[in-house]
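The values are calculated or read from the model by the stated rules, or taken from the named source; none is laboratory data. No experiment lies behind these values; they were computed from the predicted model shown. No Cβ is skipped: glycine too gets one built from the backbone with ideal geometry, and neighbour counts run over all protein chains shown.
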Ligand code: PMP
């Protein structure tokens, strides 16, 4: 009999061959800067929990209360049986924070983009995106059936050339970009992109996954930092600085009303679990009001960047809580991450196909202490001395 699934084995073997095969490590203990990874106590530098809220007692209490009040799951699409008061409260809080009329919460950030982009554009339209855009922006663009064109990373002149060449051939155009790039940590020139969007009559979707809670006077993101809020589609996740789970899109009342009816990943999926919703609601309040968390995070970023400069390891430019180190090819980067792990530091090697070039990705939290940052710097000094990267 034909082996209908034999191709899977061949594909897995090819992943192994080129060093792209991925494995998972089990992280135990309350989310925070110190955790057990595969049974070994380590300092955690791989978490997106930038404000250190995931293990915060107030989020945990809110989640438990919501489970007792509503049950473990939402039981259906929010358009059928899944709508709870806490969903509306969270959407009001997010919209207020982001300076928008309204907001729609999805079951994840990934699903927010996968639903929103195909709702906004279709076959007669154009999506233009940065080549380093997150997979869900690219996935949403592909799903939409629109012509999807990428421009070189952060190259606004190339974006403009694409718009000059392509814009008039299409009915609608949507520009999509991360504000802080997830695997590089750098910030896009949003003011310039917003200017191009206006000039060439394009909609603009900004993915604030790694900027929310981190950038802007009240932590509302890069959009807030630049004083841009109107006429944008502001997308983000509840799963990083907000310490919970889920995604959202904020914008005009009409946009949100439309997405509630047209975004398939909202319409046809179960509403966000009450526990995650209630925890995120508390997190929005904390992220807005406890500004000291952002100050501590900024101090940690500055301390680590200065320490790495002193060691002399090449770091990618960045403005947020993600720091990437270039230490060599796939194999070298993996070995470097392994030696850091042996030294009690969890900082993963990020490799192709996720990124074009391998790197060690460090993410910081407000709850890392100065002593923890110094332990990381000492480990980087020791490990890098055995590699040709400093
Ligand atoms: N956008 C970006 C830029 C991200 O980095 C991520 C998560 N890695 C997402 C969207 C997806 O968010 P979520 O984890 O909530 O699905």
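Applying the criterion of being on the phi > 0 side of the Ramachandran plot and within 16 Å of the ligand (Cβ to nearest atom) to the residues of region 206-234, the residue that is surrounded by the fewest Cβ atoms within 10 Å (Cβ to Cβ) is 221. All conditions in (1) within 16 Å of the ligand (Cβ to nearest atom); (2) under 23 Å from residue 238 (Cβ atoms); (3) surrounded by fewer than 21 Cβ atoms within 10 Å (Cβ to Cβ) hold for residue 101, with the sole exception of (1).
For region 180-205, residues that are surrounded by fewer than 24 Cβ atoms within 10 Å (Cβ to Cβ), more than 18 Å from residue 297 (Cα to Cα) and within 13 Å of the ligand (Cβ to nearest atom) total 2. Checked against (1) assigned to a loop (DSSP other than H, G, I, E, B); (2) out of contact with any helix residue (DSSP H, G or I) (no Cβ under 9 Å at 6 or more places or on another chain); (3) in contact (Cβ under 8 Å) with a residue 60 or more places away in the chain, residue 41 meets all criteria but (1).
Among the residues making up region 205-234, those that are touching a strand residue (DSSP E or B) at 6+ places or on another chain (Cβ under 7 Å) and farther than 19 Å from residue 184 by Cα are 205, 232, 233, 234.
Every condition in (1) part of a loop (DSSP other than H, G, I, E, B); (2) within 14 Å of the ligand (Cβ to nearest atom); (3) without any contact (Cβ under 8 Å) to a residue 24 or more places away in the chain holds for residue 123 except the one numbered (2).
The number of residues in region 235-268 that are part of a loop (DSSP other than H, G, I, E, B) and either buried (at least 19 other Cβ atoms within 10 Å of the Cβ) or in contact with a strand residue (DSSP E or B) (Cβ under 6 Å, 6 or more places away or on another chain) (or both) comes to 10. In the set (1) outside any loop (DSSP other than H, G, I, E, B); (2) crowded, with 17+ Cβ neighbours inside 10 Å; (3) within 15 Å of the ligand (Cβ to nearest atom); (4) without any contact (Cβ under 8 Å) to a residue 40 or more places away in the chain, the condition left unmet by residue 177 is number (4).
A quick yes/no check of all residues on (1) under 23 Å from the mean Cα position of the chain (by Cα); (2) assigned to a helix (DSSP H, G or I); (3) outside the structural domain of residue 379 (by TED's automatic domain parsing):
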| site | (1), (2), (3) |
| --- | --- |
| 64 | no, yes, yes |
| 74 | no, no, yes |
| 91 | yes, yes, yes |
| 104 | yes, no, yes |
| 113 | yes, yes, yes |
| 118 | yes, yes, yes |
| 136 | yes, yes, yes |
| 140 | yes, yes, yes |
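When region 220-234 is examined, which residues are found to be over 18 Å from residue 101 (Cα atoms) and assigned to a loop (DSSP other than H, G, I, E, B)? If the condition is that a residue be over 18 Å from residue 101 (Cα atoms) and assigned to a loop (DSSP other than H, G, I, E, B), then 226 is the only one that fits. For the condition at pLDDT 95 or above and closer than 17 Å to residue 240 by Cβ, residue 34 does not qualify.
Of all residues in region 142-174, those that are in contact (Cβ under 8 Å) with a residue 12 or more places away in the chain and either within 16 Å of the ligand (Cβ to nearest atom) or not in a helix (DSSP H, G or I) (or both) total 16.
Only helices (runs of 4 or more DSSP H) wholly contained in region 291-386 count here; list those with 1 or more residues that are under 27 Å from residue 189 (Cβ atoms), in contact with a helix residue (DSSP H, G or I) (Cβ under 7 Å, 6 or more places away or on another chain) and in contact (Cβ under 8 Å) with a residue 24 or more places away in the chain. Break it down into steps so the answer makes sense when it comes.
Details: elements: 291-311, 330-342, 370-384.
Passing ranges, in order: 291-311.
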